[in-house]
Amino acid sequence: MIDLVTNYQPDVIWSDGDWEMSSEYWRAQEFLAWLYNDSPVKDTVVTNDRWGSGAACHHGGYYTCQDHFLPGQLQQRKWEDCDTLDKRSWGFRRNIVIDDVLTAHDAITRLATAISTGGNYLLNIGPDSNGKILTLFEERLNEIGQFVNTHADAIFATKPWIFQNDSGPTWYTSKLRSTTGFDPYRLYNPQQQNNTIIYAFVVTWPDDNLVNLTHIMPTAQTTVNLFSFNNQTISLPYTQPPALNGGIQVNISSVPNSKFPSSDVFVLKIEYAADQCPMNFIKSNTNSRACYSFINATLDWASANAACAKAAPGATLVSIGSAFENSEVDGLIKGSNNAYIGLQYQNNNWAWVNGDTSAYRNWANGIFNINFLELMHINSLPLFWMG
């Protein structure tokens, strides 16, 4: 392994075949310590998680967990769906039949699902002993490749959107026109009317030619376009049926079948949709880039922070020194006597109770400087930690 890295300086090391043997048996720690500290690719290399029993889905630059891993929702870590065209084998089989092979629709749907939830899609083929692949595999790869080339803008250099999927089913990816001021390692893109471009992968063709996009909130400037051939797009009309609660319904009936690049999946490009927060989050009154969520539970700092991350990957508890103005809290809580907001630094664990900036408590050591009645309320009622 050291010779391979030294001589070829790979970008990715995809370890496999560890099975039931431990990482100690494979001397994985020794190799990885050298790889990340002393190797010629120590600052650029990426590794997967197959380094011994118990390592998968726990250790690695990104997770593969197990073959065909497709969680269907946003993950805290980068991950990969390892798939194979032959549903029964990762190698070459002479007795393969057509039903054993993924359809182009199957593979494209898995691709859309993976990238919409922050994953990478790896598709394996098994060549014969001469390095040749079956004609059936070649046909499948051509179909998939044509789809990818036609819809490259919706696939490459994208991130998940604030919503990963919709009814239909439909899967979303997104891009920002400007990334200035944004964390390059963010798990998903926010929804900003003038900045966010949304791509909707419709993986099931609607019988009535009507695509329901319940998470798209339109503005007067919102446009919807269908990806067609030769980098062309086709403008599509949409309406807002009351049943969609503000979402849109796109009508594709006017588009001839010959204009669709694929008979399996089609992709819509949506621009200038309204500003929006992730599900279960509230728009900030004082910071146009911020959204907040309240967690109804009595928790210590670590548990509250974990709950925030679970509510939306990448979300953390807000610190009292850099959060927002009093009007932010007043607008969301309305000063209810039994509503408490936890704002903190991890190191000193201060809390802000009922928007009163003079009434702090340190729940790490139990010191309070508020009256006994408020103390009784805090001990008996759930707190609302703001994320």
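The values are calculated or read from the model by the stated rules, or taken from the named source; none is laboratory data. None of the values given here were measured: they were computed from a predicted structure. Every residue, glycine as well, gets a Cβ built from its backbone with ideal geometry; the counts of neighbours run over all protein chains shown.
If you check THR222 against the conditions, is it surrounded by 15 or more Cβ atoms within 10 Å (Cβ to Cβ), of a type in the set (S, T, N, Q), out of contact with any helix residue (DSSP H, G or I) (no Cβ under 6 Å at 6 or more places or on another chain) and in the same structural domain as PRO160 (by TED's automatic domain parsing)?
Considered against the rule, which asks whether it is surrounded by 15 or more Cβ atoms within 10 Å (Cβ to Cβ), of a type in the set (S, T, N, Q), out of contact with any helix residue (DSSP H, G or I) (no Cβ under 6 Å at 6 or more places or on another chain) and in the same structural domain as PRO160 (by TED's automatic domain parsing), THR222 comes out as yes.
Mind listing whichever residues of the stretch 134-173 are polar (S, T, N, Q) and surrounded by fewer than 17 Cβ atoms within 10 Å (Cβ to Cβ)?
Scanning the stretch 134-173 gives THR135, ASN142, GLN146, ASN149, SER167.
Sort through GLY131, GLY61, GLY126 and tell me the only one that's of a type outside the set (Phe, Trp, Tyr) and within 30 Å of ILE198 (Cβ to Cβ).
GLY61
Within the stretch 225-258, how many residues turn out to be loosely packed, with under 15 Cβ neighbours inside 10 Å and without any contact (Cβ under 8 Å) to a residue 40 or more places away in the chain?
16
Every residue in the stretch 183-222 that is among the hydroxyl-bearing types (Ser, Thr, Tyr) and touching a residue at least 12 places away in the same chain (Cβ under 8 Å), please.
Answer for the stretch 183-222, where residues must be among the hydroxyl-bearing types (Ser, Thr, Tyr) and touching a residue at least 12 places away in the same chain (Cβ under 8 Å): TYR188, THR196, TYR199, THR204, THR214, THR219, THR222.
Return the residue satisfying two criteria in turn: it lies in the stretch 174-208 and is part of a loop (DSSP other than H, G, I, E, B) and aliphatic (A, V, I, L, M), and of such residues it is surrounded by the most Cβ atoms within 10 Å (Cβ to Cβ).
Among those residues, the one meeting the criterion is VAL203.
When the stretch 30-66 is examined, which residues are found to be exposed (fewer than 14 other Cβ atoms within 10 Å of the Cβ) and modelled with pLDDT of 95 or more?
Those that are exposed (fewer than 14 other Cβ atoms within 10 Å of the Cβ) and modelled with pLDDT of 95 or more: GLU30, ALA33, ASN37, ASP38, PRO40, LYS42, ASP43, THR44.
How many residues does the stretch 108-166 hold that are part of a helix (DSSP H, G or I) and not aromatic (Phe, Trp, Tyr)?
Selection size over the stretch 108-166: 27.
What's the number of the only condition in (1) touching a residue at least 40 places away in the same chain (Cβ under 8 Å); (2) crowded, with 19+ Cβ neighbours inside 10 Å; (3) out of contact with any Gly (no Cβ under 8 Å at 6 or more places or on another chain) that LEU123 fails to meet?
Unmet for LEU123, out of (1) touching a residue at least 40 places away in the same chain (Cβ under 8 Å); (2) crowded, with 19+ Cβ neighbours inside 10 Å; (3) out of contact with any Gly (no Cβ under 8 Å at 6 or more places or on another chain): (2).
Of (1) part of a strand (DSSP E or B); (2) within 19 Å of the chain's Cα centre (by Cα), VAL211 satisfies all except one. Which?
Only one criterion in (1) part of a strand (DSSP E or B); (2) within 19 Å of the chain's Cα centre (by Cα) is unmet by VAL211, namely (2).
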